[in-house]
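Here's the structure we're looking at; comments come further down.
The values are calculated or read from the model by the stated rules, or taken from the named source; none is laboratory data. Note that this is a predicted model, so its numbers are computed, not measured. All Cβ positions, even for glycine, are placed from backbone atoms using ideal geometry, and neighbour counts span all protein chains on display. All accessible areas refer to the heavy atoms of the entire protein, side chains included, with ligands and DNA or RNA removed. Shrake-Rupley method; radii C 1.70, N 1.55, O 1.52, S 1.80 Å.
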Amino acid sequence: MFNYFANPTRFLRLTSKLQPFAMIVTLITMGAGLYYALFQSPPDYQQSETVRMMYVHVPAAWMAMFCYVTLAASSAVALIWRHMVADIVAKSTAPIGACFTFLALATGSLWGKPMWGTWWVWDARLTSVLILFFLYLGYMVLYNAFDEPTRGARAAAILAIVGVINVPIIKFSVEWWNTLHQPASVVKLDGPAIHPSMLTPLLLMAVGYTAFYFWVLFIRTRAELNANKVRALRIRQAEG
Amino acid sequence: MAMKRKHRRLSFIALGLLFLGSAAALILTAFEDNIVFFHSPTEITEKFAKNELKPTQRLRVGGLVEEGSVTKTADGATNRFKVTDLNKSIVVEFRGILPDLFREGQGIVAEGRYNNAVFIATEVLAKHDETYMPPEVAEALKKSGQWKPAAKEK
């Protein structure tokens, strides 16, 4: 399967078909999700209307981790099998994941002030997510820090793989240590602790965020592959 | 030969992750006391009894606001309440505005100093649990006796 996608032309052909599909899913689920989240879902018994922050914050935090796992996995594939398309997927995922992480941190802060009484605390959950954000930034800086692009790609891939240790720490931080952040509501062993009328818009938003990631990923990877083609043509032209 | 190099890289990465993972686990276990955001009233009273914590140290206590314990002191601006982990409780005094979620039975975290059996807080943060539901559902659960208070709060 790795070899099948290692062919950029095949990858371009496949993603050109998937891209409009991802766009349509994004627009429909995000539109419906936002409508449910802001107008059709009930207020919370404790947090009243402020709970609506959840529909933006929680999927962003999920995607922050999802993108990081994708980044680390495709970095490993690129490093082990010298897989060019995997390298481009990793490179294109990093800024998207960084944006999701920033969104999770920013909305979490806006939510924390009215509910907890503080914008920020150094508890295990918040701190580990901030480290995730720095890992994304570090990956992007390292990738572009070398004159020779392949060396940058390899160094950044190693950083991405090392940083994957942070992902289980984020996930289980709220169970291993006392934190101000509450434990997981949806992804837990004894089923979600969230009423169906609130779970529905949350899951719609989660699908929307995921489809949005793939939509942007396809745009970015295609642009990257085409830029590579242009570069190769230029070099051939210059060599006459 | 090419196959062999791939396998070498794969096992190198797998081994490296294993080592790093164990190192991270050891470090996090060793620094557990510094990573926890707050201590329970039981831990605090025990550590003070053993002199592991001192009245000059800033620390955080977390637990539930004990039912019926919230009062104001004579100056009218200082809140006085008990924080409990359902085993031990600690008297907390806080001069300032309490967060909206503050109420009896609610999880809170207070930061300050513990001296002469009174915790003088400089900041009180509210904690909420992972349960989300509409107010009508919460009302119905309370009526039918299915309501479980946040007893598992650490």
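General observations
- Some residue of the stretch B:101-123 being of a type in the set (Lys, Arg), open to solvent by 70 Å² or more (accessible area, probe 1.4 Å), free of Cβ contacts under 8 Å to residues at least 60 places away in the same chain and farther than 20 Å from A:Thr118 by Cα: no
- Helices (runs of 4 or more DSSP H) contained in the stretch A:97-183 and holding at least 1 residues open to solvent by 50 Å² or more (accessible area, probe 1.4 Å) and at the interface with another protein chain (Cβ under 9 Å from one of its Cβ atoms): A:149-163, A:166-176
- Evaluated against (1) touching a residue at least 12 places away in the same chain (Cβ under 8 Å); (2) under 24 Å from the mean Cα position of the chain (by Cα), A:Trp177 falls short on exactly one condition, (2).
- A residue that is surrounded by 10 or more Cβ atoms within 10 Å (Cβ to Cβ), more than 9 Å from chain A (Cβ to nearest Cβ) and touching a residue at least 40 places away in the same chain (Cβ under 8 Å) cannot be found anywhere in the stretch B:14-34.
- Of residues in the stretch B:78-97 being open to solvent by 40 Å² or more (accessible area, probe 1.4 Å) and among the hydrophobic types (A, V, I, L, M, F, W, C), the one farthest from the other protein chains (Cβ to nearest Cβ): B:Leu86
- Residue match in the stretch B:62-73 (condition: at the interface with chain A (Cβ under 9 Å from one of its Cβ atoms) and within 26 Å of A:Ser128 (Cβ to Cβ)): yes
- Some residue of the stretch B:128-141 being more than 14 Å from chain A (Cβ to nearest Cβ), hydrophobic (A, V, I, L, M, F, W, C) and closer than 28 Å to A:Gln47 by Cα: no
- Residue tally, condition open to solvent by 60 Å² or more (accessible area, probe 1.4 Å), of a type in the set (S, T, N, Q) and more than 24 Å from A:Phe100 (Cβ to Cβ), over the stretch A:185-240: 2
- Inter-residue pairs, beta-carbon under 8 Å, first assigned to a helix (DSSP H, G or I) and in the stretch A:209-222, second hydroxyl-bearing (Ser, Thr, Tyr) and surrounded by fewer than 21 Cβ atoms within 10 Å (Cβ to Cβ), 6+ apart: A:Ala211/A:Thr26; A:Ala211/A:Thr29; A:Phe212/A:Thr26; A:Trp215/A:Thr26; A:Phe218/A:Thr15; A:Thr221/A:Thr15; A:Arg222/A:Thr15; A:Arg222/A:Ser16
- Annotation note: Cβ proximity below 7 Å between a residue of the stretch A:1-25 that is of a type in the set (Phe, Trp, Tyr) and a residue that is open to solvent by less than 80 Å² (accessible area, probe 1.4 Å) and in a loop (DSSP other than H, G, I, E, B) (sequence gap 6+ or interchain) occurs for A:Phe2/A:His83.
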